[in-house]
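Here is the structure we will look at.
The values are calculated or read from the model by the stated rules, or taken from the named source; none is laboratory data. Please read all numbers here as calculations on a predicted model, not as lab measurements. Please note: Cβ atoms are built from the backbone with ideal geometry, for glycine as well, and neighbour counts cover all protein chains shown. Ligands, DNA and RNA are stripped out before the accessible areas are found, and what is left, the full protein with its side chains, is counted by its heavy atoms. Shrake-Rupley method; radii C 1.70, N 1.55, O 1.52, S 1.80 Å.
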Amino acid sequence: MNSDKFEKLFLRLVSTYVKTYDEHSFEICLDGKECLKIGDSTNIVNVRITDSGKVLERIFVEGSLGLGESYCEGLIDVDDKLYKYFLFIFVRAAYDKRLLFSLPVGDILVILKAKFNRAFFEKSSKAENINTHYSLSEWFDDEKDANDFYLYWLNSEYIQYTCAKWDEGVETLEEAQTNKLKFYAQRLGIDENSRDKTLLDVGCGWGGCMFYFAEMFGLKCTGLTLSTAQAEFIKEESKRRNLEHLVDVKLKNAHDMDGQYDYVISIGILEHISHYDDLYAKTSKALKPGGKALFHAIFHTEPFYKVDPFLSKYIFPGGSTPEIKRNLKIFRKYFMEVDRNDLPDYSYPKTLDCWFDDFCKNEEGIRKLLAEKGKVSDVEFSVRVFKHYLMLSYCGLSQKSSLVANVLVKK
């Protein structure tokens with residue numbers, strides 16, 4: 001199929017898309033050709049594609065990786081606030097049967113082939129996988145600079161880099177994240193009588209969960225992380241908050257957990273491991289008699305799940321998402337009680353939308369940080385990597401091919 005055919009396929013896809021999703025119309029400007037308006041909506045998404053023949057071929061041959069890299073290279077130009085609506089064209093074509101089966105058979109086959117053209121990228125070790133993202137080891141030499149990058153758009157009283165809990169009436173991201181931590185305390189039975197009890201946070205991020213439980217309930221918290229930047233932040237923040245007697249962090253693999261605790265919590269680590277059986281067995285050993293553990297994760301529900309190649313290459317090397325039914329089965333091998341709870345629908349898309357907005361609001365500072373202290377060769381490419389990641393994840397999780405759940409287990 002030559003580039004002209006890929007262009008025609010793309011325009012057919014957009015024309016079919018606006019019949020199914022009529023909230024927006026699209027003004028498509030392919031280099032050297034007259035711009036085309038497709039759709040009747042007055043909410044117009046302007047899309048400019050440079051070197052369109054090559055870009056569209058990459059999208060329909062390489063799938064998500066070709067789409068993401070073309071955007072990061074500046075060959076796809078869409079206003080930040082409207083970019084997700086452009087991405088939805090491709091995400092919904094891959095996951096929405098109504099849209100997909102409205103297309104000609106030949107187009108369907110091309111789209112499905114691109115969907116499953118998914119290479120898996122990882123580094124040489126688990127520590128390198130983690131530090132590539134959470135310490136931005138390939139972008140910065142100084143761990144403080146890596147932390148500053150994330151603080152531009154994640155900074156809060158209790159930093160969370162996972163899905164918030166958006167119950168009815170919750171209006172801000174800060175409120176939604178605190179709502180999640182409060183709910184997880186209730187799930188674990190942590191209250192004013194829990195002072196001086198012990199908690200292990202497996203994959204503790206920047207310590208937000210530990211700081212919350214230490215300040216609100218007086219728990220003695222230990223965090224495990226492989227990110228050297230996160231560990232350094234937690235140590236400094238513990239001093240600043242006068243919590244050194246309650247919050248500790250160890251550079252240690254989750255599978256090497258030791259000691260015994262009243263509570264174990266993990267918010268977002270399951271997306272970075274593959275040996276669930278070993279992790280749950282060791283969690284059971286780490287709990288005191290009657291102890292409780294809670295695991296929060298994105299779980300996939302697709303029968304033919306494959307990792308998104310853009311995310312595994314540029315964002316989460318070695319990362320994946322666990323399958324819900326399989327993991328519930330493994331939990332039941334090691335725990336007397338297993339209680340699944342799903343977060344409200346669209347909680348993660350709402351969270352990602354807020355992160356994206358905060359990233360864009362602070363983009364000037366992020367660019368300056370990368371230019372002055374980073375070692376990236378192309379600041380524009382790097383900034384677009386995170387923009388695309390946040391909006392791609394927003395679109396994908398909006399399709400409900402995955403869900404965000406927490407599983408409470410009791411020894």
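When the range 191-207 is filtered for residues that are closer than 30 Å to H272 by Cβ and not basic (K, R), the ones remaining, listed by number, are S194, T198, L199, L200, D201, V202, G203, C204, G205, W206, G207. Among residues belonging to the range 238-258 that are outside any helix (DSSP H, G or I) and of a type in the set (D, E), point out the one that is farthest from P322 (Cα to Cα). Result: E244. Residues satisfying the criterion are present in the range 168-176 (criterion: surrounded by fewer than 22 Cβ atoms within 10 Å (Cβ to Cβ), closer than 25 Å to L343 by Cα, touching a Ser or Thr at 6+ places or on another chain (Cβ under 6 Å) and of a type in the set (D, E, K, R)).
Please specify each residue of the range 315-362 satisfying the condition of being among the polar types (S, T, N, Q) and either surrounded by 20 or more Cβ atoms within 10 Å (Cβ to Cβ) or at pLDDT below 95 (or both).
Matches in the range 315-362: S320, T321, N327, S347, T351.
Kindly indicate the residue of the range 64-100 that is aromatic (F, W, Y) and touching a helix residue (DSSP H, G or I) at 6+ places or on another chain (Cβ under 7 Å) and also most open to solvent (accessible area, probe 1.4 Å) among those meeting that condition.
F90
Scanning the range 274-294 for residues being open to solvent by 10 Å² or more (accessible area, probe 1.4 Å) and among the β-branched types (V, I, T) gives a total of 0.
Only helices (runs of 4 or more DSSP H) whose full extent lies in the range 259-367 are considered here, and the ones with at least 1 residues that are farther than 24 Å from L224 by Cα and out of contact with any Pro (no Cβ under 6 Å at 6 or more places or on another chain) are 324-334, 347-361. Reported count of residues in the range 13-22, each being part of a loop (DSSP other than H, G, I, E, B) and touching a residue at least 60 places away in the same chain (Cβ under 8 Å), is 1. Of all the numbered requirements in (1) in contact with a helix residue (DSSP H, G or I) (Cβ under 6 Å, 6 or more places away or on another chain); (2) closer than 21 Å to F381 by Cα, N131 misses one, and that requirement is (1).
Here is a check on your reading of the model: is F233 aromatic (F, W, Y), open to solvent by 30 Å² or more (accessible area, probe 1.4 Å) and more than 16 Å from N406 (Cβ to Cβ)?
yes
When you look at K8, is it part of a loop (DSSP other than H, G, I, E, B), farther than 23 Å from M391 by Cα and open to solvent by 50 Å² or more (accessible area, probe 1.4 Å), yes or no? The answer is no for K8. Taking the range 368-393 as the range and being outside any helix (DSSP H, G or I) and either in contact with a Cys (Cβ under 9 Å, 6 or more places away or on another chain) or not hydroxyl-bearing (S, T, Y) (or both) as the test, the residues that pass are G374, K375, V376, D378.
Restricting to the range 272-314, name every residue that is of a type in the set (K, R), modelled with pLDDT of 95 or more and over 14 Å from the mean Cα position of the chain (by Cα). K282, K285, K288, K292 - these are the residues of the range 272-314 that are of a type in the set (K, R), modelled with pLDDT of 95 or more and over 14 Å from the mean Cα position of the chain (by Cα). Scanning the range 269-303 for residues that are touching a Gly at 6+ places or on another chain (Cβ under 6 Å) and not acidic (D, E) yields I269, H272.
In the set V45, V61, V18, only one residue is hydrophobic (A, V, I, L, M, F, W, C), open to solvent by 60 Å² or more (accessible area, probe 1.4 Å), under 30 Å from the mean Cα position of the chain (by Cα) and under 23 Å from A94 (Cβ atoms); that residue is V61.
The set of residues in the range 48-58 that are on the phi < 0 side of the Ramachandran plot and open to solvent by 10 Å² or more (accessible area, probe 1.4 Å) comprises R48, T50, G53, K54, E57, R58. Only residues that are farther than 16 Å from F6 by Cα and hydroxyl-bearing (S, T, Y) were counted in the range 30-76, giving 3. When the range 181-191 is filtered for residues that are in contact (Cβ under 8 Å) with a residue 60 or more places away in the chain and closer than 14 Å to S347 by Cβ, only Y184 remains.
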